[in-house]
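These notes are about the structure you will find just below.
The values are calculated or read from the model by the stated rules, or taken from the named source; none is laboratory data. As the structure is a prediction and not an experimental result, all values here were calculated from the model. Backbone-built Cβ (ideal geometry, glycine too); neighbour counts: all protein chains shown. Each accessible area value is taken on the protein alone, full model and side chains, heavy atoms only, with ligands, DNA and RNA left out. Shrake-Rupley method; radii C 1.70, N 1.55, O 1.52, S 1.80 Å.
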Amino acid sequence: GEGTKDNPLDIYSAIKFSKPGTEIILQDGVYEITERLRVERGNSGRRGEYKILRGEGDVILDFSQSSYGMELWGDYWILSDFTLCNTIDGKKGLQIAGDNNIVEYICAEYCGDTGIQISGSPQDDRNKWPENNLVQYCISHDNADSAMNNADGFAAKLTVGDGNIFFSSVAYNNADDGWDLFSKIETGAIGKVRVEKCI
C-alpha cells in the first residue's frame, strides 16, 4: 500500500518504516495479529516529534492467533485509542520497554498475563531499564494466566528505571494485582514509580 486511507499499509510495515513525527492511524475494525508486533529498540521518535500509533473508531488488536503480545522497545512513541486482547497464556497485552513513551486510552482485556506492563530485560544493564513512561486513562481488566497467580492489571516490575507514572487508570477483575511493583534480589530494586488517581 501507499499509506493512504484508501490504500493503506499493513500495521507491521507502517511501524517499521515510520519516521519521527509520523502518525499511524488504525482504521475502525478488528486486527487479527499473527506476526510479532514489536517496536524494535532504535525505532524511536524524538522529543517534540513523537511517533504516534492511534486508533480511529473502535479498533481491536486481537492476539489470539499470535505467540506474543505487543512490545514497545522504542522511545518517544504515543500509543492511544485502541484495545489489546486475547494474548495466549503467559503473554502480556503490552510491554513497555523503551523510554519517554505515552500510552493513553488503551484497554487491555482477556490477556494471558499482565495487561500493561513496564519492564525491560534482565539481560540488560540497569541503564537500559525503561524510564519516564506515562500510562494514563487506560483500563486493564479480566487478565488471567492459567495458574491464576501472575496476571496483573498494570505492572512496573523487575527491571524498571525511574520516572514511570500511572495516572487516572482503572484495573479490575485481574487474576493477581491491580498494580504490581515487584522486584527480585537477583536484579535489584526497581526505580521510583508513581501511581496517581487510579482505581
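Key figures
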read-out: Filter result (under 18 Å from P130 (Cβ atoms) and touching a Ser or Thr at 6+ places or on another chain (Cβ under 6 Å)) within segment 63-90; value: G69, G74, D75, Y76
read-out: Any hit, segment 94-101, residues being closer than 24 Å to D176 by Cβ, charged (D, E, K, R) and surrounded by fewer than 24 Cβ atoms within 10 Å (Cβ to Cβ); value: no
read-out: Residue list for segment 77-95, filter: in contact (Cβ under 8 Å) with a residue 40 or more places away in the chain and not acidic (D, E); value: F82, G90, G93
read-out: All positions within segment 136-157 that are among the polar types (S, T, N, Q) and part of a strand (DSSP E or B); value: Q136, S140
read-out: Which listed residue, of T114, T159, is over 17 Å from F63 (Cβ atoms), of a type in the set (S, T, Y), open to solvent by less than 10 Å² (accessible area, probe 1.4 Å) and within 16 Å of the chain's Cα centre (by Cα); value: T159
read-out: Single condition D145 does not satisfy, out of (1) open to solvent by 50 Å² or more (accessible area, probe 1.4 Å); (2) in contact with a Gly (Cβ under 8 Å, 6 or more places away or on another chain); (3) of a type in the set (D, E, K, R); (4) more than 22 Å from W73 (Cβ to Cβ); value: (1)
read-out: Whichever residue in segment 102-111 is part of a strand (DSSP E or B) and under 16 Å from L61 (Cα atoms) and, among such residues, is most open to solvent (accessible area, probe 1.4 Å); value: Y105
read-out: Tabulated pairs, segment 10-27, first modelled with pLDDT of 95 or more, second among the small types (G, A, S), C-beta under 6 angstrom, 6+ apart or interchain; value: P20/G45; I24/A14; L26/G55
read-out: Selected residue (only one of G120, G90 is open to solvent by less than 30 Å² (accessible area, probe 1.4 Å) and either out of contact with any strand residue (DSSP E or B) (no Cβ under 8 Å at 6 or more places or on another chain) or not in a strand (DSSP E or B) (or both)); value: G120
read-out: Answer residue from segment 124-142, given it is under 14 Å from the mean Cα position of the chain (by Cα) and hydrophobic (A, V, I, L, M, F, W, C) and is surrounded by the fewest Cβ atoms within 10 Å (Cβ to Cβ) among those; value: L134
read-out: Members of segment 22-48 found to be closer than 13 Å to W77 by Cβ, open to solvent by 80 Å² or more (accessible area, probe 1.4 Å) and assigned to a loop (DSSP other than H, G, I, E, B), listed by number; value: E40, R41, R47
read-out: Segment 17-42: number of residues that are closer than 21 Å to A97 by Cβ and in contact with an Asp or Glu (Cβ under 6 Å, 6 or more places away or on another chain); value: 2
read-out: From the options K19, K51, residue that is touching a Lys or Arg at 6+ places or on another chain (Cβ under 8 Å) and open to solvent by 50 Å² or more (accessible area, probe 1.4 Å); value: K19
